[in-house]
Amino acid sequence: MEVFDLPPFRVDPRTRVLLRDGEIEKTPPRTVEVLIALLERRGEIVTKQELLDRVWPDTAVEEGNLSVHVSLLRRTLGDAAPIETIAKRGYRVPAAAAPPGASGAREHLLRGRHFWNKLNRAALSRAMECFRLAAEAEPDGAAAGSGLADTSLMQGVFGFESGREVFERALRHAEDAARRDPDSPDCQASLAFAALFTRWDWIGANTALQAALRRAPGRAEPHLWNALLQAMRGRFLEALASARRAQQIDPLSIKAGVGLGFHLYLSQQHQPETGPLEAVLDLEPDAAVGHWALGLALERLGRFDDALGHLRRAVDLSGGSPTMESTVPHCLALAGRAGEAASALADLESRGLGPYRVATVEAALGRRDRGLAALERGLDERDPWMVWIGVDPMLDPLRGEPGFAALADGVLPKAQR
């Protein structure tokens, strides 16, 4: 039997096990069986009935079951083995999409995206190296620049690198990638958020994301990134619609589940839904961003002990994200443990915590003057996290204070002022 190499994946029909970088991928056996059936006839259309007969030979099941397994394969494999839907017929893996022994820039890109999706310190470092290798292998390619931009951005957002230089670097890579391939939705999305966090360019970010949506309306990612931007703009209904559309396209996506849960947290501040986030952690128990988002939602529900458990778990799984760690003293303060919160905040400040994150904890401690002063520093230093000032519920205690509106006006687009 042929062993199928789909870097960084490998599947052996004899063992019915999917490997990623030599490690067993947690994939249901029937999902692997669907993949094998498609790869054995790569380039051909495999009808839905053929797949149902093959994977469920003695059981009557609905086509919806098959769709769930195909969605999981798409989420897991990405471009390593793109699965095409042939309307009213079935599915196909294009013959040229997964050549045996694929190498060079494409393999580095696939590995880079695999590590990037984990969104923790170690994985982002590995993603950066993979994208650098891809850029060396294909100097004129745009995808590597998009990957370098996204990785730099996440290293800055989660505080793995402090200061503005990491965001400036993200913007340089994003601008270069978009110049090389202006029709790429991934390059447009990279440019949108690099411009937003680095320059507070709301108009440019929205223009780039709308371009990404027009170019790839059937992909989950552009809808997910649009949801994030619209939430930042306070357009919660539009954000929720985009987040739900992303999850409809890829119902088992970790990113889509976290995105939907996070937007529900923002738009339903007093009673956020935890279901989407609990579903994420059921699929991926070690997802740091899943624990972080669930911890924030539980905090809003007043379940402080449960929230602290998830927030601390997020910090550990992320590899020590200062951004995630700052939400621990915030939760401690709301739980009435002011002494512990103040001590934890002082420790984080000594390690260079950005002024915006400091402001969120000061607000929870009731130290409003200090919170406003921290936001003033954030405005002066152009702290990238300031783009959340208009909607972040952590800043609610400061919104009625004199001077807050002027701070927000320095960051937000005119429509939100």
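Quick notes on this structure:
- Scan the stretch 142-168 for residues that are surrounded by fewer than 18 Cβ atoms within 10 Å (Cβ to Cβ) and touching a Lys or Arg at 6+ places or on another chain (Cβ under 8 Å) and the total you get is 1.
- Scanning the stretch 313-332 for residues that are charged (D, E, K, R) and within 23 Å of D396 (Cα to Cα) yields a count of 1.
- Some residue of the stretch 230-241 being touching a Lys or Arg at 6+ places or on another chain (Cβ under 9 Å) and at pLDDT below 90: yes
- Restricting R357, R377, R382 to those that are in contact with a helix residue (DSSP H, G or I) (Cβ under 6 Å, 6 or more places away or on another chain), basic (K, R) and over 28 Å from F115 (Cα atoms) reduces the list to R377.
- Unmet criterion (only one of (1) charged (D, E, K, R); (2) surrounded by fewer than 20 Cβ atoms within 10 Å (Cβ to Cβ); (3) closer than 22 Å to L228 by Cα) for E299: (2)
- Residues in the stretch 317-344 that are without any contact (Cβ under 8 Å) to a residue 12 or more places away in the chain and of a type in the set (D, E): E340 only.
- Qualifying residue in the stretch 341-356 (condition: at pLDDT 95 or above and farther than 25 Å from A288 by Cβ): yes
- Apart from one condition, T15 fits all of (1) hydroxyl-bearing (S, T, Y); (2) crowded, with 17+ Cβ neighbours inside 10 Å; (3) over 19 Å from A87 (Cβ atoms); the exception is (2).
- For the stretch 45-64, the tally of residues that are at pLDDT below 85 and either among the aliphatic types (A, V, I, L, M) or surrounded by 14 or more Cβ atoms within 10 Å (Cβ to Cβ) (or both) stands at 2.
- Residue within the stretch 179-201 that is buried (at least 23 other Cβ atoms within 10 Å of the Cβ) and in contact with a Pro (Cβ under 7 Å, 6 or more places away or on another chain) present: yes
- Single match in E138, E165, E129, E175 (criterion: under 25 Å from G354 (Cβ atoms) and either outside the structural domain of L110 (by TED's automatic domain parsing) or modelled with pLDDT under 95 (or both)): E165
- Residue ID - nearest to W385 (Cα to Cα), chosen from residues in the stretch 190-227 that are without any contact (Cβ under 8 Å) to a residue 40 or more places away in the chain and not in a helix (DSSP H, G or I): D201
- Residue that is in a loop (DSSP other than H, G, I, E, B) and at positive phi, where the choices are G43, G78: G43
- Failed criterion for G352 (all others in (1) out of contact with any Ser or Thr (no Cβ under 8 Å at 6 or more places or on another chain); (2) more than 24 Å from D306 (Cβ to Cβ); (3) not in a helix (DSSP H, G or I) hold): (1)
- Residue in the stretch 245-254 that is modelled with pLDDT under 70, surrounded by fewer than 23 Cβ atoms within 10 Å (Cβ to Cβ) and not aromatic (F, W, Y) present: yes
- Residues satisfying the stated conditions in the stretch 382-414, i.e. within 27 Å of the chain's Cα centre (by Cα), assigned to a helix (DSSP H, G or I) and farther than 22 Å from S162 by Cβ: P393, D396, A408
The values are calculated or read from the model by the stated rules, or taken from the named source; none is laboratory data. Here the structure is a predicted model, which means the values were calculated and not measured. Ideal geometry is used to build each Cβ from the backbone, glycine not excepted, and the neighbour counts take in all protein chains shown.
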